[in-house]
1. Rounded to whole Hz and in sequence order, give me ³J(HN,Hα) for region 43-53 from the Karplus expression 6.51 cos²θ - 1.76 cosθ + 1.60, θ = phi - 60°, writing x for Gly and Pro.
2. Show the residues, 5+ positions off or on another chain, whose built amide H is closer than 5 Å to the amide H of Ala82.
3. Taking the simple approach of a point 7 Å from Cα along Cα-to-Cβ for both Ala90 and Ser150, what is their distance in nm?
4. With every protein chain in place, what's the accessible area of Asp61 (1.4 Å probe, Å², nearest 10)?
5. Would you mind computing, in nm to one decimal, how far apart the modelled labels at Leu163 and Arg189 are, each placed 7 Å from Cα along Cα→Cβ?
6. Gain in length, Leu42 to Ser132, computed as 0.36 nm per residue apart minus the alpha-carbon separation, to one decimal in nm?
7. Taking amide hydrogens as modeled 1.01 Å from N in the peptide plane, which residues meet the under 5 Å criterion relative to Leu199, leaving out close sequence neighbours?
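The values are calculated or read from the model by the stated rules, or taken from the named source; none is laboratory data. Since this is a predicted model, take the numbers as computed values, not measurements. Glycine gets a Cβ as well: all are built from the backbone with ideal geometry, and neighbour counts include every protein chain shown. All accessible areas refer to the heavy atoms of the entire protein, side chains included, with ligands and DNA or RNA removed. Shrake-Rupley method; radii C 1.70, N 1.55, O 1.52, S 1.80 Å.
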Amino acid sequence: MLKPAPSVHRRGPARPGGFTLVELLVTLGVLALLLLAATPPLATWAANARVRGVAERIGNDLRLTQAEALRRNRLTVFALTAGTPDLGSAPGVDGSAWFAQALPRLAGEATGDSTLFILGSSKARQEQVTLSGPALLCFNMIGRPVSSSSTGLGANCSAPTTLTRPIVYRASAAGADRPLEVHVFAGGRVRVCDPARSLAAGQTDGC
């Protein structure tokens, strides 16, 4: 017995893979809207990251200046400057760069000796971060901040007045919503903290 031939279903032409032009335009439009919505938070995050990078660099360089005071057994100085951060540069309050150097032990010792230079950085200037803080901070031979009126740099060093009132450096930037501070205490402790948060309230990153 002959079986009927199977019916043949005709299909239309196969659709090519990929997106149509309309689908592509809709997708791009949605992505553009998402990017526009995310731009302000991303810009703020980037500005905060620049501030944190500069604050942490200052904290590390202060610790290095402190360590060099112990290693060299002489006064060292951390200085803000508006000029090029180099040996003997002019210190300035709220400078946009910083440097550190050892101070001569004796009045007759050469102040231009390159071995006195410890470090220099223009990171705040490069990252467009604004600094505020004292022109000079001196560390003695046991790594504690001290007052000195004989730095030979045209400015004096001042030490913290009490155990609870540190020397403060502040870093901020346009577009950032979290300025940070670097505190140097009378005993020599250096820490980076957030002034908007409270250490007394148990917030470990607070000031």
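1. 5, 5, 4, 5, 5, 4, 5, 5, 4, 5, x
2. Hits under the 5 Å cutoff: Gly92, Ser96.
3. It is 2.5 nm.
4. Around 20 Å² of this residue is reachable by solvent.
5. For Leu163 paired with Arg189, the spin-label model returns 1.0 nm.
6. 29.9 nm
7. Here the answer is Gly206, Cys207, since their amide H atoms fall under 5 Å of that of Leu199.
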